[in-house]
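Nothing in this text is a laboratory measurement; each read-out follows from the coordinates by a stated rule. The structure displayed is predicted, hence computed values, not measured ones. Neighbour counts run over all protein chains shown; Cβ positions are idealised from the backbone, glycine included.
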Amino acid sequence: MPLAAGDTEIATAFINDGPVERDVPFYQPIGNECQLFEQAYRQQLPLLLKGPTGCGKTRFVRHMAAKLGRPLFTVSCHDDLTAADLTGRYLLQGGETRWADGPLTQAVREGGICYLDEVVEARKDVTVVLHPLTDDRRLLPLERTGELLEAPDNFMLVVSYNPGYQHILKSLKPSTRQRFVAKSFDFPPPLMERDIVARESGLPLPQCAALVNLAARLRAMKGRDLEEGVSTRLLIYCATLIANGMPTSQAAQATLVEPLSDDADVQEGLMEAVRATFGED
């Protein structure tokens, strides 16, 4: 199944001798992740990012690609994603059959960064294609064209997944994980998360602090009533709606309740936490 429109993102925030700083997406470092990414890029090492949904993994990769001045090819992996979707296929164009590179092949040819988001969602043949790119060979075989592409020095492979949201049929094999330098991500510390939400939404700090406190209560429900805790992304959505005039309870229901559960009883429990934090409005 070909990639749907929008599945591949190409970020071109660079000029001849480096990135344009004003085009670098905002990202607030929590630890040494920026230094690790840059070292992995310089040393031509593949990178694996692990962490919950909405904690900033994709924003981080976009930030680093722009900072390093490299084009970014982002693929959102799914059950129907095949190796051919990444490498390319022959297409009928104007009565002629022509080869069309997939995003992975484009990244190798151009010396870009290829980011496979939620790689465990892809079919198993995808990891087979990745293996030659994740060792000292740094090769991409294209069986259909007979090419054997050698990745240039400025090519980098980055993959991510959420370890807390998978089962035995959706996990990376140890033999695959051990091909990557890895970094675990989590939600930012409360004060830092407050500042991030405020910066991204324009909501005053005191209200953002209350949202972060609410998030801590909701995240404590993970594994009991909720499969996933509320993400920093959803906090920003909620703060944005509030900052633009939506009543707090309505904004919270649309961003912190409905996306987290379809169960009416669980939703009511979440709304009780919202009312306990903000009162009625």
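Worth pointing out:
- Cα-projected label distance for ARG123 with GLU143, points at 7 Å along beta-carbon direction, nm: 1.2 nm
- Computed [θ] at 222 nm, helices only, for the chain once each DSSP H run of length n ≥ 4 contributes -39500 (n - 2.57): -11000 deg cm²/dmol
- The range 8-184 - share of DSSP beta bridges that are antiparallel (%, nearest 5): 50 percent
- Scaled radius of gyration (Cα, divided by 2.2 N^0.38 Å) that the range 144-249 gives: 1.51
- Within the range 206-229: backbone nitrogen closer than 20 Å to the ALA264 label point (7 Å, Cα to C-beta): 225-226
- Note on ARG224 and ARG275: their simple-model spin labels are 1.9 nm apart, each label 7 Å out from Cα toward Cβ.
- Sorted largest first, the spans of the alpha carbon positions of the range 190-278 along the three principal axes are 32, 24, 20 Å.
- Sequence-distant lysines (8 or more away, or on other chains) whose Cα lies within less than 26 Å of LYS173: LYS50, LYS57, LYS124, LYS183, LYS222
- Shape parameters for the chain, alpha-carbon atoms, Rg then Dmax in Å: 20.8, 66
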